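K.L.:
If you scroll down you'll find the structure; I have some questions about it.
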Amino acid sequence: MKLSVFGLGYVGSVSAACFADMGHSVIGVDPNHEKVDCINAGVSPIVEPGLDALMAWNVGQGRLAATTSAEEAILKSDISFICVGTPSRNGGSFDFQYLGRACHEIAAPLAQKNSFHVTVVRSTVLPGTLKQLVLPALEFQSGKKAGEDFGLCHNPEFMREGSAIEDFRNPPKTVISASDERSADALEELYRSLPGPIIRCPMEVGEMVKYADNAWHASKVAFANEIGRFCKAAGVDSHEVMRIFCQDTKLNLSPYYLKPGFAFGGSCLPKDLRALTSQAQKMDIPMPLLDSVMASNNAQIELGIDMIRAAGKKSVGILGFSFKAGTDDMRESPIIRVIERLLVLGFDVKIYDRNVRLDKITGANRNYIEKALPQIESIMATSIEEVLAHADVIVIGNNAPEFATIVNWLRPEQQVIDFVRIKPIEQAHDNYSGICW
């Protein structure tokens, strides 16, 4: 098939490369010239395991290219995927600007096409968005009728950063909502070779599935951490408690997200939870559990800061500050909030993460870190050794494998505060302390 992908961030870049690797002809679209140039050179604009090699191969095979021209992409494709960001406004509500711009860019050349073209929204959007925003915008600006002259689908993604390629190739489910059967059939044919169930459902149901998933994932992290805080106070091994808890898979439980550790962050869970609860408040629907999740998450961040302060030492090293090991994504990383607070409190901080290269960060990721931590360049170390030489307190911020042996490198006076349980507790250093164990 001939495909175009609008938005070359995490979802768009992975989707474009994986579709191309399935044998399809793919053209990516983004207003950011740096991202476009990277892809055309066979280099991933983001850090994601395996993506550089996948892009290089498919660009070399002539199946993947990128452009800043929406008109070129629409006229050269039959199905377009919208993978733009859907960030939060200050109050937590949904920000439509990037989705609206993508609709405008697609609609204008759509008016010139005689052939049937399918537009697929892959971005996370609240229920009603396609019918109330996307469909009217495409119809009005193109002068065409959805379901007759063009197709409109919703197809949420279920990819985790750090394992996105594997998740694309082995999805837990494929959810398809469509304006018409012809569009749904075309999208189902595209995914037919992938494992897992293909589920067709009404548009609003499909839109809500991703929010239900992400709200549950966010709730699982906060739930396990609350159990972990209680267990530590009671002298109980919280990981042993949760290991037994997770063996009960009969009632639809999963071990993912169910390990006591640090707060959740990233570009999905906080944003989507805020959007869902904000919408519920507007509709006067009480959601006390979900309303409390961010408060619990913030309490976990405060607990981490309190543990660092309680150590009574001013030089602190942070190992791992992207929100998840194996990525360079710092958007709403809880570790960034810890670093901000420590600097305000006068701590002497050094930070290290091998995946974060400031000269390679673009788009929303760059915008976030420039606002959240404008002095980041001055406190970044170039190696683990530099951090260890500097700090009296070492904080493990994510579970990158290179941090697993840190406890063996410490000076006697150094202390480790572990937010992720990088090592089994029985192997830990005498000056080791876990946030929930």
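The values are calculated or read from the model by the stated rules, or taken from the named source; none is laboratory data. Please read these numbers as outputs of a predicted model, since none were measured by experiment. Using ideal geometry, Cβ is built from the backbone for each residue, glycine included, and neighbour counts are taken over all protein chains shown. All accessible areas refer to the heavy atoms of the entire protein, side chains included, with ligands and DNA or RNA removed. Shrake-Rupley method; radii C 1.70, N 1.55, O 1.52, S 1.80 Å.
K.L.:
Just one of (1) farther than 17 Å from Lys350 by Cβ; (2) in a helix (DSSP H, G or I); (3) touching a Gly at 6+ places or on another chain (Cβ under 7 Å) trips up Val420, so point out which.
P.N.:
All conditions are met except number (2).
K.L.:
Return a yes/no flag: does segment 172-189 have any residue that is over 30 Å from Ala280 (Cβ atoms), open to solvent by 60 Å² or more (accessible area, probe 1.4 Å) and not in a helix (DSSP H, G or I).
P.N.:
Within segment 172-189 (the criterion being over 30 Å from Ala280 (Cβ atoms), open to solvent by 60 Å² or more (accessible area, probe 1.4 Å) and not in a helix (DSSP H, G or I)), the answer is no, since none of the residues qualifies.
K.L.:
Checking the condition in a helix (DSSP H, G or I), on the phi < 0 side of the Ramachandran plot and at pLDDT 90 or above, which residue from Lys220, Lys210 passes?
P.N.:
Selected residue: Lys210, the only one of Lys220, Lys210 that is in a helix (DSSP H, G or I), on the phi < 0 side of the Ramachandran plot and at pLDDT 90 or above.
K.L.:
I need a count of the residues in segment 1-38 that are part of a helix (DSSP H, G or I) and of a type in the set (Gly, Ala, Ser).
P.N.:
Of the residues in segment 1-38, 6 are part of a helix (DSSP H, G or I) and of a type in the set (Gly, Ala, Ser).
K.L.:
Do any residues in segment 279-305 that are without any contact (Cβ under 8 Å) to a residue 60 or more places away in the chain and open to solvent by less than 30 Å² (accessible area, probe 1.4 Å) have Cβ atoms under 8 Å from those of residues that are assigned to a helix (DSSP H, G or I) and of a type in the set (Lys, Arg), where the two are at least six apart or on different chains, and which pairs are they?
P.N.:
Ile301/Arg337; Ile305/Arg341
K.L.:
When you go through (1) open to solvent by 50 Å² or more (accessible area, probe 1.4 Å); (2) in contact with a Lys or Arg (Cβ under 8 Å, 6 or more places away or on another chain) one by one for Gln97, which number turns out not to apply?
P.N.:
(2)
K.L.:
Specify the residue that is surrounded by the fewest Cβ atoms within 10 Å (Cβ to Cβ); the eligible residues are those in segment 35-80 that are of a type in the set (Asp, Glu) and out of contact with any Pro (no Cβ under 8 Å at 6 or more places or on another chain).
P.N.:
Only one residue fits best here, namely Asp37.
K.L.:
Only one of these is within 29 Å of the chain's Cα centre (by Cα), small (Gly, Ala, Ser) and at pLDDT 95 or above: Ala364, Ala381. Name it.
P.N.:
It is Ala381.
K.L.:
If you don't mind, another one. Would you point out the residue of segment 245-271, among those that are among the charged types (D, E, K, R) and either in contact with a Lys or Arg (Cβ under 7 Å, 6 or more places away or on another chain) or at pLDDT below 90 (or both), that is least open to solvent (accessible area, probe 1.4 Å)?
P.N.:
Of everything passing the filter in segment 245-271, Asp248 is least open to solvent (accessible area, probe 1.4 Å).
K.L.:
Considering (1) more than 26 Å from the chain's Cα centre (by Cα); (2) farther than 26 Å from Phe230 by Cα; (3) crowded, with 16+ Cβ neighbours inside 10 Å, say which one Val416 fails and leave the rest.
P.N.:
(2)
K.L.:
When residues of segment 72-89 are filtered for being touching a residue at least 40 places away in the same chain (Cβ under 8 Å) and either part of a loop (DSSP other than H, G, I, E, B) or among the β-branched types (Val, Ile, Thr) (or both), how many remain?
P.N.:
11
K.L.:
So how many residues does segment 101-123 have that are under 16 Å from Leu8 (Cα atoms) and surrounded by fewer than 19 Cβ atoms within 10 Å (Cβ to Cβ)?
P.N.:
Selection size over segment 101-123: 1.
K.L.:
To continue, here is another question. List the number of the failed condition for Ile165; all other conditions in (1) touching a residue at least 60 places away in the same chain (Cβ under 8 Å); (2) among the β-branched types (Val, Ile, Thr); (3) open to solvent by 50 Å² or more (accessible area, probe 1.4 Å) hold.
P.N.:
Only one criterion in (1) touching a residue at least 60 places away in the same chain (Cβ under 8 Å); (2) among the β-branched types (Val, Ile, Thr); (3) open to solvent by 50 Å² or more (accessible area, probe 1.4 Å) is unmet by Ile165, namely (3).
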